[in-house]
Every structure is written in C-alpha cells, then in structure tokens.
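The values are calculated or read from the model by the stated rules, or taken from the named source; none is laboratory data. Keep in mind that what you see is a predicted model, and the values were worked out from it rather than measured. Note: ideal-geometry Cβ built from the backbone for every residue, glycine included; neighbour counts use all protein chains shown. Heavy atoms of the whole protein, side chains included, go into the accessibility calculation; ligands, DNA and RNA do not. Shrake-Rupley method; radii C 1.70, N 1.55, O 1.52, S 1.80 Å.
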Amino acid sequence: MNEPAFPPLLIDHLRKAVDVAVLTGAGVSAESGVPTFRDAQTGLWNRYRPEDLATPQAFRRDPKLVWEWYAWRRELVLGVSPNPAHTALAEMERQLERRGRRFTLITQNVDNLHGKAGSSNIIELHGNIQRTRCFDEGTLVESWPDTGETPPRCPACGGWLRPDVVWFGEMLPQQALEAAWEAARVCQVFFSVGTSGLVEPAASLPVAALQAGAIVVEVNPAETPLTPHAHFSLQGPAGQILPQLVQAVWE
Ligand code: BJW
C-alpha cells in the first residue's frame with residue numbers, strides 16, 4: 001500500500017500543537033464492524049427509524065422494542081475489537097503527552113472502543129451503551145433483579161431501566177458538553193473523524209474550533225458539511241489514514 005503524502009504544513013501544525021482535540025463519530029468504528037447510522041446500505045437509519053428507537057417518546061411507547069434493539073447492539077459491540085483508527089488515536093495521545101502537550105478525545109460513539117484501544121482522556125458526548133440507568137430518576141444502575149420483564153426494573157424505584165445513551169430531544173451530559181466546548185476553544189488543531197456532522201450540538205464543535213482560530217482537519221471517505229470549511233480534508237478510511245499520519249508526524 002502506498003503511503004499518502006501528508007501536506008507538510010499539516011505535519012508542521014501537529015508537531016507544534018500544544019493542544020489537540022479530536023471529535024469522532026460512528027465512522028471511526030466502521031472498520032471494527034460496527035454499523036454507522038447514515039451510510040448508504042449499511043447505516044442503521046436505513047433499516048430502522050430513529051423516531052421508533054432513539055427518542056424518549058419511542059421508549060415510552062414501546063420500551064420492550066427499544067430495550068431489545070439496544071441489547072442487540074450492546075452484544076454486537078461487545079464482540080468487536082478496536083481497529084487501527086482507535087489505536088492510532090490512543091498513540092496520538094501518548095505521543096503528545098510524552099511531549100507535555102494536551103490531547104482531548106471527544107466521541108459521539110457509545111461503543112467504548114476508544115477506551116478499549118487505550119485512550120484515556122475521553123469525553124463521551126452521547127453516553128455509553130454498556131451502562132444502564134433508571135428512565136425516571138436517571139441514576140446509574142449496575143445490577144437488577146431478574147423478574148423476567150423486558151425492560152428490567154430499577155431496583156430502587158421499580159421504574160423501567162434504559163441504556164445510558166443520549167436520544168434525540170435529550171440534553172447531552174452537561175459536564176461532558178462543557179469540557180468538549182472548552183477543548184474545541186483552546187486547541188490549535190481540531191480533528192473531525194468519521195462523523196457526518198449532521199447531529200447537534202456535536203456538529204458545532206468543529207465550527208467553534210474554527211472560530212477560535214484552530215486548524216481543522218477532517219478524516220472521512222465522504223464529503224460532509226464541514227469539508228468546504230476544513231483546512232485539511234483527508235479523504236479515506238480513518239483506519240488507514242490515522243496510523244500513517246501518526247507515524248509521519250511523531251515516529
Ligand atoms: C468513515 C468511515 C471510515 C464511514 N473512516 N469515516 C440545531 C438544529 C437542528 C436540530 C437540532 C439542533 N440542536 C439540537 C437539535 C436536535 C437534534 C439534532 O441534531 N437533529 C438533527 C439530526 C437535525 N439533536 C438532539 O436532539 C441532541 N440533543 C440536544 O441538542 O438537546 C437540546 C435540544 C433538544 C431539542 C431541540 C433543541 C435542543 C441529542 C442528539 C443525540 C444523538 N443520538 C444518537 C444516538 C445515540 C445512541 C445510540 O447509539 O443509539 O447519536 S443519533 C446518532 O447520530 C448517534 C451518533 O452519535 C450521532 C452522530 O452520527 P455520526 O457519528 O456522525 O454517524 P453517521 O452515520 O451520521 O456518519 C458516519 C460518518 O462516518 C459518515 O460521514 C461516513 O462517511 C463516515 N465513515 N466509514 C472514516 N472507515
């Protein structure tokens with residue numbers, strides 16, 4: 001495979017950066033075998049309607065359907081491994097921290113694959129599918145009595161349990177969102193990797209970084225609304241581009 005020649009200016013920006021932030025989306029896990037949401041043919045939203053599965057109204061209407069859909073996805077992600085894109089981002093963090101620089105990984109993904117790959121400074125904007133919380137009280141729940149019901153019941157209040165993810169119309173976890181805005185505002189280089197940039201407020205993070213004067217780099221095989229505004233658009237699969245970029249810059 002031919003090594004892509006990265007623009008020397010990009011390499012230079014990365015070598016000098018004191019603060020780097022990365023926003024990831026479903027595309028970063030695609031090469032692990034986790035379906036994205038909006039890709040043609042393979043995206044989840046081509047087969048399922050978000051209104052039926054990823055809103056609080058959908059859960060109230062049919063909690064069993066929603067619980068079972070997430071149970072299927074929870075099993076799916078438990079059975080896959082991080083791919084070279086996740087590993088490269090963990091390596092980017094190590095390389096920067098070794099030099100006393102700061103690295104923040106902001107992910108919209110709920111699959112935990114960045115953690116499995118060894119990244120440590122991770123902001124989970126849309127929650128984590130492996131965690132469960134009470135639908136009524138919001139409290140995280142580690143275990144529950146098996147009453148045979150689907151969804152299971154909260155051991156404290158008897159209400160339904162739900163996955164600890166952020167559905168449409170719900171607020172993002174406030175601390176995570178604030179930390180993500182801050183990272184976007186202070187970084188010199190901001191990466192947007194494997195996200196269509198269609199879901200707010202995450203889609204506004206690269207815009208905030210641009211407005212604050214950061215160099216914005218997109219890694220995606222397809223064009224997105226961000227592409228015309230990015231300083232560098234690296235078109236291709238993240239699992240190929242990111243390892244080569246990390247090697248070109250730091251190794
Ligand atoms: C590769 C690749 C490879 C493929 N390598 N790349 C302002 C304006 C308009 C609407 C709103 C607004 N503010 C809020 C809203 C409403 C709504 C929203 O954004 N709607 C838009 C869709 C119109 N947002 C919300 O409701 C959010 N809450 C909120 O803002 O609260 C306050 C509020 C509420 C209501 C009104 C106003 C304010 C919550 C959003 C929650 C999103 N939840 C989901 C589900 C999470 C749980 C689960 O996993 O089931 O999050 S939806 C889904 O989309 C998931 C993702 O995290 C999110 C983003 O998707 P992502 O990651 O970008 O994936 P794709 O599939 O879209 O793209 C994949 C990309 O990868 C593609 O570009 C490929 O090309 C690329 N790719 N292979 C690199 N190998």
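Quick notes on this structure:
- Difference of contour (0.36 nm per residue) and Cα-Cα distance, ALA248 to LYS16: 82.1 nm
- For the listed peptides 141-148, 86-93, a ranking on the average number of other beta carbons within 10 Å per residue, highest first, reads 86-93, 141-148.
- Taking every DSSP bridge with both residues inside the chain, close to 25 percent are antiparallel.
- Globularity index of the range 155-251 is 1.33 (Cα radius of gyration / 2.2 N^0.38 Å, N = number of residues).
- Net charge of neighbours whose Cβ lies under 11 Å from the Cβ of GLY197, counting Lys and Arg as +1 and Asp and Glu as -1: -2
- Most fluctuating residue given options GLU149, GLU124, GLU97, as computed from a GNM of the chain linking Cα atoms under 10 Å: GLU149
- Accessible surface of the chain, 1.4 Å probe: 51 percent of it comes from carbon and sulfur atoms.
- Across the options ALA5, PHE135, LEU113, the greatest Cα extent toward the positive end of the charge dipole of the range 1-160 (unit charges at beta carbon of Lys, Arg, Asp, Glu) belongs to ALA5.
- Compared with the alpha-carbon gap, the fully stretched path from SER143 to GLU97 is longer by 12.9 nm at 0.36 nm per residue.
- Distance between the pseudo-spin-label points of GLN130 and SER204 (7 Å out from Cα toward the beta carbon): 3.1 nm.
- Taking Cα centre as origin and charging only the Cβ of basic (Lys, Arg, +1) and acidic (Asp, Glu, -1) residues, the dipole magnitude of the range 151-251 rounds to 200 debye.
- Estimated at 0.36 nm per residue, the fully extended path between THR42 and ALA71 surpasses their Cα-Cα distance by 8.5 nm.
- Rg in Å to one decimal, and Dmax rounded to a whole Å, for the chain via C-alpha atoms: 18.8, 61
- Accessible area per residue, Å², the chain with all protein chains present, probe 1.4 Å: 47 Å²
- Lys, Arg +1 and Asp, Glu -1 on Cβ, resulting dipole of the chain about Cα centre, debye, nearest 20: 200 debye
- Estimated 222 nm signal from helices in the chain, with DSSP H stretches of n ≥ 4 weighted -39500 (n - 2.57), rounded to 500: -10500 deg cm²/dmol
- Rounded to the nearest 20 debye, dipole of the range 1-105 from Cβ charges on Lys, Arg, Asp, Glu: 300 debye
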